[in-house]
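Visitor: Below you will find the structure I want to go over with you.
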Amino acid sequence: MVYMTIIEVNTNNNLVNWGKKMKTVAFFDTKSYDKESFERFCGEDIKLRFFENKLNEDTVGSATGFDAVCAFVNDNINKYVIEKLYESGVGIIAMRCAGYNNIDLKAASGKIKVVTVPSYSPHAIAEHTMGLILTLNRKLHRAYIRTRDHNFSLEGLTGFDLYKKTVGIIGTGKIGLAFADICGGFGMNIIGYDIVKSENFRGKYVSLNTLLSESDIISLHCPLTKENRHMINKATINKMKKGVFIINTSRGLLIDTAALIDGLKSGRVGAAGLDVYEEETEIFFEDYSEEIIFDDTISTIISMPNVIVTSHQAFLTKEALNSIAQTTMENLQAYFEGGKIKNEIII
Ligand code: NAI
């Protein structure tokens, strides 16, 4: 395994800044857009070293000697990785995302602190969700390719009005609420299901079964937990309206992709918009355009004209990136200064 360092911020040979020892952070799964936003918010007494690799059992060795690691959604921070980080003196894992389902929190408990960015821009994800719906419904992805090829036919491009259609939102937290507001602007009938109800939800709460059977569009906005893994499966798809749109910008494992493919093939599912995929870890964020992908499931689903897959992109706005970098650096600063850390996950 090759460890690729892209760049260091605050390069300082003796790691001393104004008499204080500089704190060091190993930053994993780095892309150019991460670097830009983190450079903007990095304090003068913190040194970042950017690695392109994801953090996992093979790469954890490169964190040796660092005070902290900064990780992302597709890093695999299991018990082994936690133990190695702990042995090598890392005291904190700063997730630069909201979710933390890829960390063994039990293994980290009492050894390494875990912090996240609970909110950065719910609008970024909510707007991407509506983008997927509009594209799928009005077949913009197909129209774009047609007109570029001087094919001006409208055959097969018929959509439906969103106005007065029923959208079912599963998970009405920050993103679900922002998405409900967007749907409100379209004049949609909004229903929701959540294990904790919010008084700010502008739609009507219903049971999960009612949501499944009454929605024209179902959009997932709940976290992945042990309980809701594959909550969209053969049985739940069979309860849905024929032609339902299923949109997932939350976590891939909420959907049993094989069951979704069957639903799409049978026509029960009319379209799917997926920003996440249950086996995305090895695929998303990387360029495999020159290679053959050996994941037949993703190949099959991408080949369907009524499916759009984006590569965990919903968060990717300038506002969200800046907010993620700012909060992550504040989390780290608070830890290094021994102060209270606002966004610590404690189990
Ligand atoms: P949040 O914590 O504000 O809201 C989550 C809501 O889901 C809460 O109201 C909670 O009660 C509810 N919930 C939990 N378990 C549930 C279940 N089994 N059934 C129904 N509702 C349930 O979280 P937020 O900020 O709205 O984010 C939601 C999810 O979006 C995150 O957990 C993450 O997986 C995903 N996400 C995806 C991004 C992307 O780029 N695609 C970026 C950021 C978040």
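The values are calculated or read from the model by the stated rules, or taken from the named source; none is laboratory data. On a predicted model such as this, the values are computed, not experimentally measured, just so you know. No Cβ is skipped: glycine too gets one built from the backbone with ideal geometry, and neighbour counts run over all protein chains shown.
Visitor: Can you tell me which residue among S219, S289, S250, S311 is outside any loop (DSSP other than H, G, I, E, B) and not β-branched (V, I, T)?
Guide: So the residue among S219, S289, S250, S311 that is outside any loop (DSSP other than H, G, I, E, B) and not β-branched (V, I, T) is S219.
Visitor: Oh, and also: Among (1) in a helix (DSSP H, G or I); (2) of a type in the set (A, V, I, L, M, F, W, C); (3) more than 9 Å from the ligand (Cβ to nearest atom), which single condition is L177 missing?
Guide: Result: L177 passes all but (3).
Visitor: Anything in segment 59-77 that is closer than 27 Å to L321 by Cβ and either within 23 Å of the chain's Cα centre (by Cα) or modelled with pLDDT under 95 (or both)? List them, or say none.
Guide: Of everything in segment 59-77, those that are closer than 27 Å to L321 by Cβ and either within 23 Å of the chain's Cα centre (by Cα) or modelled with pLDDT under 95 (or both) turn out to be T59, V60, A68, V69, C70, A71, F72, V73, N74, D75, N76, I77.
Visitor: Need the failing condition index for S303 against (1) crowded, with 16+ Cβ neighbours inside 10 Å; (2) hydroxyl-bearing (S, T, Y); (3) away from the ligand (no atom under 13 Å from the Cβ), just the number.
Guide: (1)
Visitor: Restricting attention to segment 93-144, and to residues there that are assigned to a loop (DSSP other than H, G, I, E, B) and of a type in the set (G, A, S), which single residue is farthest from A272 (Cα to Cα)?
Guide: Among residues in segment 93-144 that are assigned to a loop (DSSP other than H, G, I, E, B) and of a type in the set (G, A, S), the one farthest from A272 (Cα to Cα) is G110.
Residue-wise test of (1) touching a residue at least 24 places away in the same chain (Cβ under 8 Å); (2) among the aliphatic types (A, V, I, L, M); (3) not assigned by TED's automatic domain parsing to the domain that holds T166.
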| position | (1), (2), (3) |
| --- | --- |
| I246 | yes, yes, no |
| S250 | yes, no, no |
| I255 | yes, yes, no |
| D262 | yes, no, no |
| K265 | no, no, no |
| R268 | yes, no, no |
| D275 | yes, no, no |
| T281 | yes, no, no |
| F284 | yes, no, no |
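Visitor: Shifting gears a bit: Identify, from the list N238, N233, the residue that is surrounded by fewer than 22 Cβ atoms within 10 Å (Cβ to Cβ), assigned by TED's automatic domain parsing to the domain that holds A126 and more than 22 Å from the chain's Cα centre (by Cα).
Guide: Only one candidate qualifies: N238.
Visitor: Collect the residues in segment 1-30 that are out of contact with any Asp or Glu (no Cβ under 8 Å at 6 or more places or on another chain), modelled with pLDDT of 50 or more and exposed (fewer than 14 other Cβ atoms within 10 Å of the Cβ), keeping them in residue-number order.
Guide: Across segment 1-30, the qualifying residues are E8, K21.
Visitor: For segment 137-156, does any single residue satisfy the condition of being buried (at least 20 other Cβ atoms within 10 Å of the Cβ) and in contact with a Phe, Trp or Tyr (Cβ under 9 Å, 6 or more places away or on another chain)?
Guide: Yes, the conditions are met somewhere in segment 137-156.
Visitor: Sticking with this one: Do you know which residues across segment 23-40 are in a loop (DSSP other than H, G, I, E, B) and of a type in the set (D, E, K, R)?
Guide: D29, K31
Visitor: Kindly indicate which of I195, I169 is surrounded by fewer than 16 Cβ atoms within 10 Å (Cβ to Cβ) and near the ligand (Cβ under 10 Å from one of its atoms).
Guide: Exactly one residue qualifies, and that residue is I195.
Visitor: Looking only at segment 204-229, which residues are within 18 Å of the chain's Cα centre (by Cα), more than 18 Å from L132 (Cα to Cα) and more than 8 Å from the ligand (Cβ to nearest atom)?
Guide: Scanning segment 204-229 gives K226, R229.
Visitor: Assuming Y163 fulfils every condition listed in (1) away from the ligand (no atom under 16 Å from the Cβ); (2) surrounded by 11 or more Cβ atoms within 10 Å (Cβ to Cβ); (3) of a type outside the set (V, I, T) apart from one, which condition is it?
Guide: For Y163, the failing item is (2).
Visitor: Working carefully through the options F245, F201, find the one that is within 12 Å of the ligand (Cβ to nearest atom) and aromatic (F, W, Y).
Guide: Among F245, F201, only F201 is within 12 Å of the ligand (Cβ to nearest atom) and aromatic (F, W, Y).
Visitor: Could you check segment 231-240 and list, in sequence order, the residues that are outside any strand (DSSP E or B) and in contact with a helix residue (DSSP H, G or I) (Cβ under 7 Å, 6 or more places away or on another chain)?
Guide: M231, N233, K234, T236, I237, K239, M240
Visitor: Checking the condition in contact with a strand residue (DSSP E or B) (Cβ under 9 Å, 6 or more places away or on another chain), modelled with pLDDT of 95 or more and over 24 Å from G91 (Cβ atoms), which residue from L154, L105, L162, L140 passes?
Guide: Just a single option satisfies the conditions, and that option is L162.
Visitor: Filter segment 42-63 down to the residues that are part of a helix (DSSP H, G or I) and buried (at least 17 other Cβ atoms within 10 Å of the Cβ) and list them by number.
Guide: Within segment 42-63, V60, S62, A63 qualify.
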